[in-house]
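Everything below concerns the one structure shown next.
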């Protein structure tokens, strides 16, 4: 039987959890109204005595992290959109949005999602149905992981946990720093007007990144051990697909053997201990200095491909000082493509990753959860330490 390591690094800082509750999600279900989208439907449901269940379902999820609430800072909208639960359950919280009307609408969900993004939360937990998922997706996209608590009439989207309790269990894993996979999940919705006529017309509106419980058995080969060459080939295929999909974008290739393998798969000569720059699968600069890199990327759309130092966990500041604080500041965390095998990650024994750019502001901006590409369309969430914290690692 394979042993699944359980990695539990000490939290480097408070986990910034965004919470968004659609208090009217699902109110039309018990009344056979086939959904709750639209002012008229909600008013009709309330007039018929509908009960709002979204808060209760969100409470079930949050109960799984009450025991570790000292590790969490909640960011919420006022009233039933989240503040009520945060206060009731004793979480430390910050108010980020206040609806103008008692009956909240889709624009309130979108405004709350925008406010949560501005707070640079680590993950957004939202409760609702497919309509709420659409609202969140329209604002968030793949910029931050999300996790849905099923509370609506229509739950076609893959961004929801199977139950509110399941959402709570996954959320607790993420906060505890355990290795948790993250994958793209479809956001679906159906036309409620047609649905009430007995017709199902489901459409995909987008994708969001969702954390899922990591099962090592899905990624291991050859007797329970990762085959480095096969796994690296999968990682390379993922990165190459991104490069091919973005021919106008500049890709900065960091140092290290994992990035070297990707360059070999591209058929491009690589500087193992340096930084190279490519575009449209062609080398445009080799072994660049920090100054040269800034000049090449200023006002250009670019991504950085880099890996971690095995056993240490440094991703910036050890052997890649060409990646200056000025460059990283302009690049932004969302444009970092971090690659590593799960075996390499497990050798960290739960220690958080380290960024040492020489600029404390940049180090702070890069701290928190990051997705690590561990295979073809396979990623895990892992923490980057906040070195300004009293207990950073």
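Some observations on this one:
- Listing 306, 353 from fewest to most neighbouring C-beta atoms within 10 Å gives 306, 353.
- Rg over Rh for the stretch 268-359 works out to 0.97, both radii taken from alpha-carbon positions and Rh defined as the Kirkwood radius.
- Taken over the stretch 218-384, the alpha-carbon convex hull comes to 101 cubic angstrom per residue.
- Hull volume per residue, based on the alpha-carbon atoms of the stretch 290-342 and their convex hull, is 79 Å³.
- Take 106-114, 124-132 and order them by the average number of nearby Cβ atoms within 10 Å per residue, most first; the result is 124-132, 106-114.
- Taking the fewest neighbouring Cβ atoms within 10 Å as the starting point, the ordered list for 337, 348, 147, 95 is 95, 348, 337, 147.
- At q = 0.10 Å⁻¹, base-10 log of I(q)/I(0) for the stretch 312-393 (Debye sum, equal scatterers on each alpha carbon): -0.23
- Sequence of 53, 291 once ranked by neighbouring C-beta atoms within 10 Å, starting from the fewest: 291, 53
- Proportion of all alpha-carbon pairs of the stretch 91-165 beyond 18 Å (%): 40 percent
We did not get these values from a lab; they are worked out from the coordinates using the rules stated. What you are looking at is a predicted structure, and each value in this text was computed from that prediction instead of being measured. Ideal geometry is used to build each Cβ from the backbone, glycine not excepted, and the neighbour counts take in all protein chains shown.
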